[in-house]
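For reference, the structure discussed in these notes is given below.
The values are calculated or read from the model by the stated rules, or taken from the named source; none is laboratory data. None of these values were measured; they are calculated from a predicted model. As a convention, Cβ positions derive from the backbone with ideal geometry for all residues, glycine included, and neighbour counts pool all protein chains shown.
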Amino acid sequence: MNKRKNIITAVIAVSTLTAAVSCSSKVTSSHEESNRYKKTDEISVSADADNIEEENAVRNIDISGQTITWLADYDLNPQNDREQSAALSLFEDVYGAKVNFVPTTSEEKLTQLAYMIIAGEEVDMFPYEPDAVPNGVVRGMYQPLDPYFDVMGMDEGIWDDMNGIIEMFQYNGEHYVVPYAVTDPLIITYSRKMIKDEKLDDPYKLYLDGKWNWDKCMKMMEKFVSGASGGQTRYGINGWFGQAALQSTGHTVVNYDGEKFSNNIDDPEIEKAELFLQKIAKKNLYNPEWTGCFPNNGSTLFYAMGSWALGASNAENEDADLMVVPFPKSPDADKNYISCNFSARMLVKNSQKGEAVAAYIKCERLAAIQEEYKEIAKKNALKVEKSSSGRKKSFVTEEQYDAVQSFLDPENSVPVFDFGYGMGDKMYGDGDYTFETRGVMDNLTTVMLEGGGSVNSWDSLRDAVTDIIDSEVKEFNSGR
């Protein structure tokens, strides 16, 4: 089983954690939404309702009685014992509209979307994933949200801290992707007990002091591994972090100037990140074995994964005093750049419910930023999940939760999106997950750590992918 599928499987298995510390890795899947449900009987939506109704009256927005068709591998409507989400409550109570769920699978959803569009079947809203822009747009699957910016309240101040991120996704002068939240950062989990025992500096304190960077991280891993004794095998790091390393530079493999894409593989900062990964591997600091949580055998100093893995890591390491920190900053970067997911909804091509979809997106944005909703989300996130026998399966501490939220604060970090992830299978496909079949972006974040046959150096990897990137960039610049 390849790593991406391993990650998706693990995400689904521990989906309750996502609500706890919500926010690429590189994976966008149903885990993001599966536990966004809040107990709306504990909160009041009246203030938002009054404000929205007043705005609707001014702007003549009336979608009462409309139903938007949502095609996805997860339902936005509450299922089983879950309460209705705050966003859906606003949508139904204030706008008088509903969401109709059409189920599909994560593997088949794009194929089914294409089929429904061609067949003229009704479908209005679809989950965002990196392939949406530019590939999904060029393939005629989505339409821009710009005509509905007034419905979304783009001039009401509720989107101010997302403006830079929204513009990052701008394509051909239009906005097909309008993220309402940043989620699932790629983070590093570590044991403060182990750090103390090994007489190492606390990474979180280094981060707060602006000293947590590649160089410091490398020295800590080297010291930890060199301290092995009694036949013990030690590793500096385990998990998924190639993408985080690349994006910690703040530079992208594919650049976009608002009109044309360009190949940026020769960027010196990209090269530095690749050589950093290669150095980790050559020093035998990296453990390629898949683990779904922080190893509980004391063999590994750092565990890199999306924030969704934190709950299970705590449950397996209750006495380790786990803490989290972002992936270390590139020493030459001007800011802290993070790799994460983006929560957004796509308006499907030919949909006649643009206003309703835009209204739903506004409800998601309000639910993401209003303090009363955020407090309920935190309260739910800190609940301990237990098995039927009473064993802890997943939990997050308040300190960890607050730390992850701070990593996502635009004042502290800058999320990175690379259009290379949105250019189809040659750029971001996994195939059988070998060097020959997976996409360029995955090879760039894996080969230096795990090898790729004859491609075993940065020079050979760069030579192997340059023509592919050039070809795809040319195709998308010509409208494919």
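General observations
- Close pairs from the range 266-295: first under 28 Å from E316 (Cα atoms), partner acidic (D, E) and at pLDDT below 95, Cβ under 7 Å, at least 6 apart: P288/E450
- Only listed residue being more than 24 Å from N341 (Cα to Cα), of a type in the set (D, E, K, R), part of a loop (DSSP other than H, G, I, E, B) and over 22 Å from the mean Cα position of the chain (by Cα), chosen from E92, E83: E83
- Residues being more than 15 Å from M221 (Cα to Cα) and not aliphatic (A, V, I, L, M) - total across the range 174-198: 9
- Counting only residues that are on the phi < 0 side of the Ramachandran plot, within 26 Å of the chain's Cα centre (by Cα) and of a type outside the set (D, E), the range 194-220 holds 13 of them.
- Test result for N412, within 20 Å of the chain's Cα centre (by Cα) and part of a loop (DSSP other than H, G, I, E, B): yes
- Yes/no for N443 being polar (S, T, N, Q) and over 14 Å from N135 (Cβ atoms): yes
Listed here are the residues, each with its yes/no results for (1) surrounded by fewer than 24 Cβ atoms within 10 Å (Cβ to Cβ); (2) at pLDDT 95 or above.
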residue	(1), (2)
I270	yes, yes
Q278	yes, yes
W290	yes, no
C293	yes, yes
F302	no, yes
M305	no, yes
W308	no, no
N317	yes, yes
D321	yes, yes
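- Output for the range 356-391, where each listed residue is closer than 17 Å to L310 by Cα and crowded, with 18+ Cβ neighbours inside 10 Å: A377, N380, A381
- You will find that of P144, P127, the residue that is surrounded by fewer than 20 Cβ atoms within 10 Å (Cβ to Cβ), under 30 Å from K98 (Cα atoms) and not aliphatic (A, V, I, L, M) is P144 and no other.
- Some residue of the range 239-257 being buried (at least 23 other Cβ atoms within 10 Å of the Cβ), over 30 Å from S471 (Cα atoms) and not β-branched (V, I, T): yes
- In the range 377-393 there is at least one residue that is under 22 Å from P179 (Cβ atoms) and among the charged types (D, E, K, R).
- All positions within the range 202-219 that are crowded, with 22+ Cβ neighbours inside 10 Å and either part of a helix (DSSP H, G or I) or at pLDDT below 95 (or both): P203, Y207, W214, C217
- Within the range 437-480, if we keep just the residues that are within 26 Å of the chain's Cα centre (by Cα), part of a loop (DSSP other than H, G, I, E, B) and farther than 14 Å from G420 by Cβ, the residue that is modelled with the lowest pLDDT turns out to be T437.
- Residues of the range 167-201 that are modelled with pLDDT under 95 and in contact with a His (Cβ under 9 Å, 6 or more places away or on another chain): D184 alone.
- Candidates L444, L449, filtered to the one that is under 22 Å from N341 (Cα atoms) and surrounded by 14 or more Cβ atoms within 10 Å (Cβ to Cβ): L444
- Annotation note: of E274, E364, E269, the sole residue that is at negative phi, in the same structural domain as Y176 (by TED's automatic domain parsing) and not in a loop (DSSP other than H, G, I, E, B) is E364.
- Filtered by the rule that a residue be touching a Pro at 6+ places or on another chain (Cβ under 8 Å) and part of a helix (DSSP H, G or I), the range 126-167 gives D161, M162, G164, I165, I166.
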